[in-house]
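To keep things clear, I will list the structure first and then write my remarks on it.
Nothing in this text is a laboratory measurement; each read-out follows from the coordinates by a stated rule. All of these numbers come straight from a predicted model, not from anything done at the bench. Methodologically, a virtual Cβ is constructed for each residue, glycine included, from the backbone with ideal geometry; neighbour enumeration extends over all protein chains shown.
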Amino acid sequence: MRVKICGITTVGDAVAAVEAGTDAIGLNLYAGPRRIDADRATAIRESLPPFVTPVALVPLVDGRLADDLVHLLIQNRIDLLQTYGDVTVDALIRLSEAGFGVIQSMAVRDAGFAEARPSWGEGQWRPRAVILDAYDPNRSGGTGKAFCWDWVDEALKAGRLDGWPPIVLAGGLNPDNVDEAIRIVRPYAVDVSSGVEVEGAPGRKDPRKMRDFIRSAKAALERNDA
C-alpha cells in the first residue's frame, strides 16, 4: 500500500514523513492554510531522498499553469501534478504532452459518482491516478471529511470502475480508520493530511501520527493479501 502525506509545509515535517516511511509528499502550491511559497517548496524538495515522490498541488487558470509555476516545477524536477481550478480534459492532455504526470481529483457526492466520470474514459488518454475525496461545495479538495467507502466497493463489484486509472483514497483518513478504509475500498494508495496533524495546527504534522498511519496502512494491505 502506497501512502502520500499531503500538505507538508516544513523541511522538518518532510524529514519526519520520510522517516515514517511515506512514499510521496504533497506540496500545496494552490490555496488554503497549507499553501507554501516557491522558496519553501524548493527547500522541502531538496530535503527528499531518492524514491520519495513529490506531488505538486497546482491551480490551472484558463486551463494553463502560470509561467512562474512551470519554472518552479522544472527547476525542482517535480513532474507529478494534482490539479485544481479550470481543469478540462484538453488542459490535462496538454500537461501530459509537456511531460507532466497528472493526478485528477474527483469529489464523491453519492453512490452514482462513477457514472459522472470524466471523458478521459472515452479516449486514449487517462490520468496517472484519480483521487477520490469527499464532496464539499466550499472546497476543491482537502476536506478532512470521509465519504461512504461502500460506494466505491459497490461500484467496483458492479464493474463501473473497469478501465479507470489507479484509485487514491482521500478524505477523513486517520491512523484509527485507514485499515478499515483500505479493506473496503482496496485502493492503489491512500492520501492523508489533516488526519496526521497536530490538533488545531493545520500544516504541522505529528510524527507519531504519521508513523501510526503508515504502519496501519501497510498492515492493512498485508491482511487483505493474506
With a ≥ b ≥ c from the Cα gyration tensor eigenvalues, square-rooted, and the rule rounded for a/c under 1.5, otherwise prolate when a/b > b/c and oblate otherwise, the chain is oblate
Taking the dipole of the chain about the Cα centre (Lys, Arg +1; Asp, Glu -1; charges at Cβ), the one of 187, 220, 158 that reaches farthest to the positive side is 220
Using alpha carbon centers only, the range 141-189 is separated from the range 76-94 by a whole-angstrom value of 22
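Let me know the charge dipole size of the chain about its Cα centre in debye, to the nearest 20, where only the beta-carbon of Lys, Arg (+1) and Asp, Glu (-1) is charged. All intermediate terms of the calculation are to be shown ahead of the outcome.
Details: 27 positive and 32 negative charges, 66 e Å.
So the magnitude is around 320 debye.
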Residues of the range 1-39 with backbone N under 15 Å of the label point set 7 Å from the Cα of residue 198 along Cα→Cβ are 8-17, 34
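Given +1 on the Cβ of Lys and Arg, -1 on the Cβ of Asp and Glu, and no further charges, what dipole in debye does the range 13-76 carry about its Cα centre, rounded to the nearest 20? Provide the component values of the computation, followed by the final result.
Details: 5 positive and 9 negative charges, 24 e Å.
Charge dipole, the range 13-76, about its Cα centre: 120 debye, nearest 20.
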Between residue 85 and residues 5 or more places away or on another chain, the pairs with built amide H atoms under 5 Å apart involve 60
Filtered hits (lysines, Cα-Cα < 29 Å from residue 157, offset >= 8 within chain) -> 4, 145, 218
Expected max-MSF residue from 26, 200, 63 in the GNM of the chain (alpha carbon, under 10 Å) is 200
Packing-ranked peptide list from 168-177, 105-114, 80-89, 45-54, highest mean Cβ count within 10 angstrom first, is 168-177, 80-89, 105-114, 45-54
